[in-house]
Amino acid sequence: MNRTEWAKHWAERPERSNLALLRVMTWLSLRLGRPFGRGLLQLIAVYFVAFSPAARRASRDYLRRTLGRPATLRDVFRHMLTFGTTIHDRIYLICGRFDLFDIQLQGQQHVHDVLAQGRGAFLLGAHLGSFEVVRALGRTVPDLRVAVAMYEDNARNINAAVAAINPAAAPEVIPLGRVDAMLQVREALDNNRLVGMLADRTLLREAGASVQRMAFLGSPATFPLGPLHMAAMLKRPVLFMTGLHLGGNRYAVHFDQLADFTDVRREDRAAAVQAALARYVERIEHYCRVAPYNWFNYFDFWQDAGADAPQHHTPADRQTTQTP
């Protein structure tokens, strides 16, 4: 698979969601309640298990790595149902219906500490669990503001549906890929905001995108360096965040320290970024094993990105690739 094909594999493929259907689902869920919506999700999960062979294969491959055994169709169904549940629960979280959930916050002191410095911080997540439950942190941190840095053309329908649910709760979005993106990120940080990014997918359609192959769940996988390079250039702390769905109405939100680039000298940046990426990948792998059905990358995550992509290999990656 060459560079262009890899980018299209997830970044440019047509969305399968439908805005009208999302609006109907939202209307029904808010009026008939979460149990009714979860009933519909079961049917939707069955549909995707039956008619999405590529996603089904990717799910089985990933679950085999985390479960330590061959994944069954029941496992795949549970995997897709968990994804649908986190999307569905966004409706209630956006509307501030935290009373419907049992949300445990762990490591929130890390957030208090970085905000006490008054210079903002990066909040790196992954397609692992729900990023939306970070809203629950607002109950313990008054006036918490999170700006989300993302590519606008991803999940357009879902973002439009979120705005339709509660326009006042729509997140501040910093569109990546524009010439002023870095300035907007710096401005948000200077206003002591958290800048949230999902940093586990590689967007190789970006000219000169820098990536690194890292050992992940038993095989080398490609991770982007861009978010950490940005944090290093702007000299800010970086936290890892994930909101794991534990079944029913239960979520566990975890915050972990990844790096603090505040006092890192220019000549030491590369090593600091390497260490932060290793920590980031280790955290993802840890939480994938803690809650294996929460990983939502339904494509071959271990596919080589192509020889023309700028890559940096770690000793762990070389060891993995040399294993028979």
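The values are calculated or read from the model by the stated rules, or taken from the named source; none is laboratory data. Nothing here was measured: the structure is a model prediction, and the numbers come from that model. Here the Cβ positions follow ideal geometry from the backbone for every residue, glycine too, while neighbour counts run over all protein chains shown. Areas reflect the complete protein model, heavy atoms only, side chains present, ligands, DNA and RNA absent. Shrake-Rupley method; radii C 1.70, N 1.55, O 1.52, S 1.80 Å.
Structural remarks
- Candidates Arg56, Arg69, Arg60, Arg74 - the one that is part of a loop (DSSP other than H, G, I, E, B) and modelled with pLDDT of 95 or more: Arg69
- Taken over the range 150-185, the residue count meeting the criterion of being out of contact with any helix residue (DSSP H, G or I) (no Cβ under 6 Å at 6 or more places or on another chain) and either in a loop (DSSP other than H, G, I, E, B) or modelled with pLDDT of 75 or more (or both) is 20.
- Exactly one residue among Ile87, Ile94, Ile103 is of a type outside the set (S, T, N, Q), over 15 Å from Pro292 (Cα atoms) and either over 22 Å from the mean Cα position of the chain (by Cα) or modelled with pLDDT of 90 or more (or both), and that residue is Ile103.
- For the range 119-126, the criterion of being within 29 Å of Ala259 (Cα to Cα) and either modelled with pLDDT under 85 or open to solvent by 30 Å² or more (accessible area, probe 1.4 Å) (or both) is satisfied by at least one residue.
- Checking His110 against (1) in contact with a strand residue (DSSP E or B) (Cβ under 6 Å, 6 or more places away or on another chain); (2) open to solvent by less than 10 Å² (accessible area, probe 1.4 Å), the condition it does not meet: (2)
- The single residue among Asp89, Asp99, Asp113 that is under 13 Å from Phe255 (Cα atoms) and in a helix (DSSP H, G or I) turns out to be Asp113.
- The set of residues in the range 85-104 that are open to solvent by less than 40 Å² (accessible area, probe 1.4 Å), in contact with a Phe, Trp or Tyr (Cβ under 9 Å, 6 or more places away or on another chain) and over 17 Å from Arg145 (Cβ atoms) comprises Thr86, Asp89, Tyr92, Phe98, Phe101, Ile103.
- Looking across the range 222-251, the residues that are hydroxyl-bearing (Ser, Thr, Tyr) and either within 26 Å of Asp300 (Cα to Cα) or surrounded by fewer than 18 Cβ atoms within 10 Å (Cβ to Cβ) (or both) come down to Thr222, Thr242.
- Only a single criterion out of (1) open to solvent by 40 Å² or more (accessible area, probe 1.4 Å); (2) charged (D, E, K, R); (3) under 16 Å from the mean Cα position of the chain (by Cα) is not satisfied by Glu132, namely (1).
- Condition met for Trp6 (open to solvent by 80 Å² or more (accessible area, probe 1.4 Å), of a type in the set (A, V, I, L, M, F, W, C) and modelled with pLDDT under 80): no
- If the condition is being touching a Leu at 6+ places or on another chain (Cβ under 8 Å) and within 21 Å of Val211 (Cα to Cα), then the range 263-301 contributes Val273, Ala276, Leu277, Arg279, Tyr280, Arg283, Ile284, Glu285, Trp295, Phe296.
- Looking across the range 50-61 at every residue that is open to solvent by less than 70 Å² (accessible area, probe 1.4 Å) and under 22 Å from the mean Cα position of the chain (by Cα), the one that is farthest from Arg78 (Cα to Cα) is identified as Ala54.
- Pair list, Cβ under 7 Å, 6 or more apart: the range 92-112 residue more than 14 Å from Gly138 (Cα to Cα) and of a type in the set (Phe, Trp, Tyr), other residue part of a helix (DSSP H, G or I) and modelled with pLDDT of 90 or more: Tyr92/Leu100
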